[in-house]
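To keep things clear, I will list the structure first and then write my remarks on it.
The values are calculated or read from the model by the stated rules, or taken from the named source; none is laboratory data. Since this is a predicted model, take the numbers as computed values, not measurements. We place every Cβ from the backbone using ideal geometry, glycine too, and count neighbours over all the protein chains shown.
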Amino acid sequence: MDWRLTTSLILALLLATSTTYGNAIYRWTDAQGRTHYGDEPPPGQNAERIHTDGRRASSSPSERVRQIRCRDFRGALDQLDALEDVEPDNPRWLAARELAKRRIDQWCDN
């Protein structure tokens, strides 16, 4: 598999699972009419706030959710480290690795 596709898939996994449990996400439409979702809209962008799970933003994740998130981010980091066809100074690869490490710190009991 092409390293760009692999890195994109891993980044998508990280972003999809990175929002803190119970926090709001935002939906907005860009100038080209494409809909975007994220935990923060771009500055000055009109965005609709959405709660992902119907719970209040102050809800904490269960231990099981923490374990799953921890496993997912460790797996993503392992996959990034296993890529053989990526240059070690590739900015997308480095960014994905850094994001995985931050999420491991967030979700895992080290």
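Among the numbered criteria (1) more than 22 Å from ASP105 (Cβ to Cβ); (2) modelled with pLDDT under 80; (3) in a loop (DSSP other than H, G, I, E, B); (4) not assigned by TED's automatic domain parsing to the domain that holds CYS108, which one does ASN46 miss?
Going through the list (1) more than 22 Å from ASP105 (Cβ to Cβ); (2) modelled with pLDDT under 80; (3) in a loop (DSSP other than H, G, I, E, B); (4) not assigned by TED's automatic domain parsing to the domain that holds CYS108, ASN46 breaks only (2).
With respect to the numbered conditions (1) in a loop (DSSP other than H, G, I, E, B); (2) exposed (fewer than 14 other Cβ atoms within 10 Å of the Cβ), which one is the sole condition not fulfilled by ASP81?
For ASP81, the exception is condition (1).
Output the residue which, of all residues in segment 49-61 that are modelled with pLDDT under 80 and either β-branched (Val, Ile, Thr) or not in a loop (DSSP other than H, G, I, E, B) (or both), is surrounded by the fewest Cβ atoms within 10 Å (Cβ to Cβ). Break it down stepwise before answering.
Keep residues of segment 49-61 that are modelled with pLDDT under 80, which gives 50-61.
So of that shortlist, the ones also either β-branched (Val, Ile, Thr) or not in a loop (DSSP other than H, G, I, E, B) (or both) come out as 50-52.
Numbers: ILE50: 10, HIS51: 13, THR52: 15.
Checking each candidate, the answer is ILE50.
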